[in-house]
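So the structure is just underneath, and the comments pick up after that.
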Amino acid sequence: MNFFMLVVKQLSKIYPSAKRWAYRFHGGVFPRYNKSLSASQPIRPQLIPEKLILPLQQQVGLPACPIVQVGDKVKKNQLLAKPSKDPQKALSVPIHAPTSGTIIAIEEATLAHPSGLEGVCIILQPDGANQAIENALEVDGSLPKTPVELKSVLLKSGIVGMGGAGFPTYAKLPNERGRIHTLLINGAECEPFITCDDLLMQTQAEAIIKGALLTAEALGAERIICGIETNKPAAIQAMKKAAASTSVEIKEVATVYPMGGQKQLTLELTGIETPHDSHAVDIGLLMMNVATLTAIYRAVSLGDPLTSRLVTVSGLGLEKPFNMDVMIGTPFNSLAQAAKPKVKLDYPLVMGGPMMGFQVKSNEVPVLKTTNCVLANPPEPVDMQMPCIRCGECMDVCPVNLLPQQMYWYSQAHEFDKVEKLQVFDCIECGCCSYVCPSHIPLVQYYRHAKSEIKAIHAEEKAVELAKQRHEFKLARIEREKQEREARLKAKKEAVKQAAAKTEDSSEKTPAKKAAGAAAAARAAAAKRAMQKGNKPSSGSDKAMPSARLKAIEAAKKAAQNSELEAGSTASMKSSTGDAKSKARQAAQKAAQKRAQKVKAQSEPANKDAKTNLKSESSSPTKEPSAEAISLDLTQTSEATTASKKEAARKAAMQAARAAAKKRKVSSSDHQVSSDKPSGERSDNQTHQQDENSDKRQKAMEAARKRAKQRQAEKNQAADNQENT
Amino acid sequence: MSQSILSSSPYTHNNQSVRKVMLQVQIAALPALIAHIYLFGFGIAIQWMLAVATALVVEYVMLKLRGRPVLPFISDMSALITITGLVFCIPPEAPWWVIVTGSAFALTFGKHLYGGLGYNPFNPAMLGYAFLLISFPVQMTQWALPIEYTGEALNLLQSAQVIFTGQIPGLSMDMYTGATPLNEVRNGLSQGLSVQDTLNNSALSSLWGLSSWGWINVAFLLGGVWMIYSGVISWQYPVGFLGSLAAISLLFNQIDPATYPPVDFVLLTGGTMLAAFFIITDPVTASTTPRGKLIYACGIGILVYVIRNWGAFPDGIAFAILLMNIAVPLIDQYTQPRVFGHNR
Ligand code: SF4
Ligand code: SF4
């Protein structure tokens, strides 16, 4: 204790508030500790209860899986339940038998939980012999060299944080050596009544220090600092003695609640304020409770799993409070009875201290690995809750420097967004604010409620957000599909343009045909012809309108060459159903429509009929088969060409062919003048010339016809061959 | 008052309660009350009892009307603090209906109509005081003169006679009443007298160099320091208030001593100390954050000085406090402390 502390100590005698100057964090309270009730008693010999209730879940995470049957005889330290899943992914720790005996049931029982949760428990009836398996964890006594080695031992031993939170210790450690630079030992024990850590430090200082050293060694931590509150002089002495020749620093810290809070003690020992959004491990610090370190030491050096722990049984309602190395699973009631209750225990016992503990729903609940205290305080009448007078007492004592009064105000008004903004999630639920509130408002209760409400709201928001995302995704998909369609159309146009450009140069020289292109062209031509003829089916129409067909064929060649792949692939994306027939039908219909338009432009007489016909066809599903039949008949295309891709390609080719034919008509009219016009210009032409040059088109048709006639014979032959295959 | 059993942690309490806090405040006001009786006679005692009676009736009626349990709320003692604050503000020999209407107004309009304890935005005592200042300006300025003028204070019977009948047979009331020092300085200034002249002319400093007004203020200071010591009030309120008041009066006194009274006069006259320790510390209507408390108190200090010197009223405490009450939500919002582990 340095000089400043001495001054503060003297000063606090005349001015109690001076105590606040002796530590670094804000707030804190000085409750009546009542520690001497149990600390003055020696540790009692272990009590073997009539039955042990071993919950499969004693910690944060998932319950363990029992590997014993009802009726099995087990020995002390025998594995009863193994971690349920891959423990690296889901937190889960094994459970071992605290003593020898028989498994009499595996059933649901009330757990030590604020909400009175039920959970599956293994019920063990001790035989009193306490036969043990020595070195149950099969350790060879060598110290773990790496965090991973240490973690495997810790996992096997079922050690969880014994200070209260109960986070599985193996999961707390980082995998890499050297990530932790300072190991902090929590020996503050700031809760009133509880003295188990105090006595543990007095009696097992060696084990604690060794456990700390081996942990630090495995993790590669350079410093070890142990913080003990000044109200435990005996523990400080014992620990100092045990740590004398080691690198462990023993630091006395002021006696104030909640000094034992992880972040508070960290600040006190290292001066580091853990950022609100990170864990201590992230900043190279690891804090362990003295009891946890003892358990680690026993596991690593003796191979003992965690089956018992030091528990304080105390309270104003007990005649003879005590500390005891209690087997995990011992019912609370049997411990309280052993302490001679002053009056019948018809009130709920409290697990933990009076500041942060909770009343158990049944006094038969078992001691867990995290139970440090069984408290029997007869219920006191409490003053009526008054309105908040905004006195600010709560704010003055909050160790997290929150504004409890405002959080309460908004919680009460159900303005949870404001509560969250006031950082309610940083509240450690230490209870200081409720402890001092002159209006006796159960503030912490409001914060717990607000927290759960906010979590629920967020979950809901998430669900809504998800639904919204889904909806947006759907919209986006529709939009994308639309764009794809457009892109496809554009690509086709593009392809057509190119095809047309090439056709101009090479339509005479490259008679090679692609099957799809030819077929498509043939069909397109047939459709056109059919329309021109008033949609009258005609089987022998191949030669009746050869020019159009040839035109189409030629265009299709090029178009197919240029765009088969891309058009095919884009088209196939849509046609995942592989419905070739419908594709063909669609193609035919589209072709027909185009034709119809063209026909109109050409002022052919039959266009009206064709159009109406087609309209009715495309709009009424009942007529579809007939349309199909028509197109198929006309083109003489066998239905054997079923692969959707091919169909799509054909469709694309067909469209290309149509367009190309149209285009060529136009371009061939001014063939001599503008044969090498850039395509951009040409596309302009294309858009412009829709109306203005129906005569041009006719000219082009004629030109194309002439050209086509030249090779009519062989091409017809070839086309027919192709179609018939 | 023993109801439900605590259902969640913490299962322990430091045994503080609203009633205890209020009682501590009341105890802290006792030195000033005794000094007042000694220096000004029993007027204040009669006024105080009148106010308590009024408070009991008003509280009872209002709680009944609001459908609230009467006993716990009437015994929370908050009304007692309100009327104590008010009683010190009115002249000891003022007619009985002044304090009765003032108390009734303060409790009804200052507290109950807003939803009772904890919900009122304005300091009820100051609301009542302001109401009286505006409604009965004459009665509110006729202060009983302290014994240094009159030789001896009125006895209990005489005080009662004055308060209830307005006169004492065979005595001229003018002998016993006069202006407060603040008023005197004000009147002096308006007559062209400098502040020093006014202060020297009147035999204001008598008992060991301090006027009766000064002594009352010292008594309040004593009680206030005790409250800070025992943690009933926060130090920010008096420090901020007195600090800013002292600073601003020092500044102006240096600039022009003839117009602006010296620091000690400012701090020890009128209701300065009463306000510093008993009025602005009313937590319900004050800012709650640590910095907010300071800002709130400083604001009142400056406003008090401004109103005293340039306003229409000799003592600006009531209006300064009410004005700052309005600003409290804003102050609170912008002075939230840094939460542990968060960067500002
Ligand atoms: S301690 Fe209680 S009464 Fe005081 S401000 Fe906080 S919540 Fe309000
Ligand atoms: S319970 Fe929360 S709000 Fe209350 S003092 Fe503790 S940390 Fe602050």
Would you please state the base-10 log of I(q)/I(0) at q = 0.14, 0.15 1/Å for the stretch B:199-321, with intensities from the Debye formula using one equal scatterer on every alpha carbon?
-0.59, -0.67
Please give the solvent-accessible surface of A:MET239 in Å², to the nearest 10, using a probe radius of 1.4 Å with every protein chain present.
0
Once all protein chains are kept in place, B:TRP235 shows an accessible area at probe 1.4 Å, nearest 10 Å², of 130
Based on the Cα atoms of the stretch A:142-302, what semi-axes does the equivalent ellipsoid have, where each is the square root of 5 times one gyration tensor eigenvalue, given in whole Å with the largest first?
22, 18, 14
Wrap a convex hull around the Cα atoms of the stretch A:278-376, take a quarter of its surface area, and give that in square nanometres.
7.8
Please give the average number of partner chain Cβ atoms lying within 10 Å of the Cβ of each residue in B:254-262, rounded to a whole number.
0
So who's got an amide H within less than 5 Å of the one on A:LEU80, skipping anything under 5 residues away but keeping other chains? H placed 1.01 Å off N, in plane.
A:ILE95, A:HIS96, A:ALA97
If a helix is a whole DSSP H run, which ones in chain B reach 24 Å or further along their own axis (Cα) and hold a mean Kyte-Doolittle hydropathy of at least 1.6?
B:317-334
Using θ = phi - 60° and the Karplus curve 6.51 cos²θ - 1.76 cosθ + 1.60, what whole-Hz ³J(HN,Hα) does each residue of the stretch A:101-116 get, with Gly and Pro shown as x?
x, 10, 7, 9, 6, 10, 8, 6, 8, 5, 9, 6, 8, x, 8, x
Under the definition of partner shielding as Cβ atoms of other protein chains within 10 Å of a residue Cβ, what is the mean value for peptide B:282-290?
5
Taking every residue of A:438-445, the Cβ atoms of other protein chains inside 10 Å of its Cβ average out to 5
If packing is taken as the average count of other Cβ atoms within 10 Å, what order do B:328-340, A:134-146, A:353-365, B:105-117 fall into, highest mean first?
A:353-365, B:105-117, B:328-340, A:134-146
5 Å is the cut-off here: which amide hydrogens, built 1.01 Å from N in the peptide plane, fall below it relative to A:VAL253, excluding neighbours closer than 5 in sequence?
A:ILE228, A:GLU229, A:THR230
Using a 1.4 Å probe and counting only protein heavy atoms, how much accessible surface gets buried when B and A come together, both sides summed, in Å² to the nearest 100?
4400
From the C-alpha gyration tensor of chain B, square roots of 5λ in Å:
34, 27, 17
Evaluate the relative contact order of the stretch A:142-302 (contact order divided by residue number), counting alpha-carbon pairs under 8 angstrom at least 6 apart; express in whole percent.
33
Could you put A:ARG24, A:ARG448, B:ARG308 in order of accessible surface area, largest first, with the 1.4 Å probe and the full protein assembly present?
A:ARG24, A:ARG448, B:ARG308
Sorted by average packing, counted as other Cβ atoms within 10 angstrom per residue and highest first, what order do B:278-285, A:484-491 take?
B:278-285, A:484-491
Using the Karplus curve 6.51 cos²θ - 1.76 cosθ + 1.60 with θ = phi - 60°, what ³J(HN,Hα) values do you get for each residue of the stretch A:376-384, in whole Hz, with x for Gly and Pro?
10, 9, x, x, 9, x, 10, 5, 4
Overall Cα dimensions of the stretch A:293-446 - principal axes, largest extent first, Å:
52, 42, 23
Please arrange B:PHE220, B:PHE252 by accessible surface area, largest first, computed with a 1.4 Å probe and ligands excluded.
B:PHE252, B:PHE220
Most to least packed among A:104-110, B:52-58 [average Cβ atoms within 10 Å]
B:52-58, A:104-110
Using every alpha carbon pair in the stretch A:32-144, what percent of pairs falls into each 10 Å bin from 0 up to the bin containing the largest distance?
13, 33, 33, 18, 3
Overall dimensions of the stretch B:37-148 by Cα: Rg and Dmax, Å
14.1, 50
Using amide H atoms built in the peptide plane, which far-off residues or other-chain residues are under 5 Å from A:ILE106 H to H?
A:ILE123
How much mean residue ellipticity at 222 nm does chain B get from its helices, if each DSSP H run of length 4 or more adds -39500 (n - 2.57) and you divide by all residues, to the nearest 500 deg cm²/dmol?
-19000 deg cm²/dmol
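The values are calculated or read from the model by the stated rules, or taken from the named source; none is laboratory data. What you see is a predicted model; the values in this text were computed from it and never measured. Glycine gets a Cβ as well: all are built from the backbone with ideal geometry, and neighbour counts include every protein chain shown. Quick note on the areas: whole protein, heavy atoms, side chains included, nothing else; ligands and nucleic acids left out. Shrake-Rupley method; radii C 1.70, N 1.55, O 1.52, S 1.80 Å.
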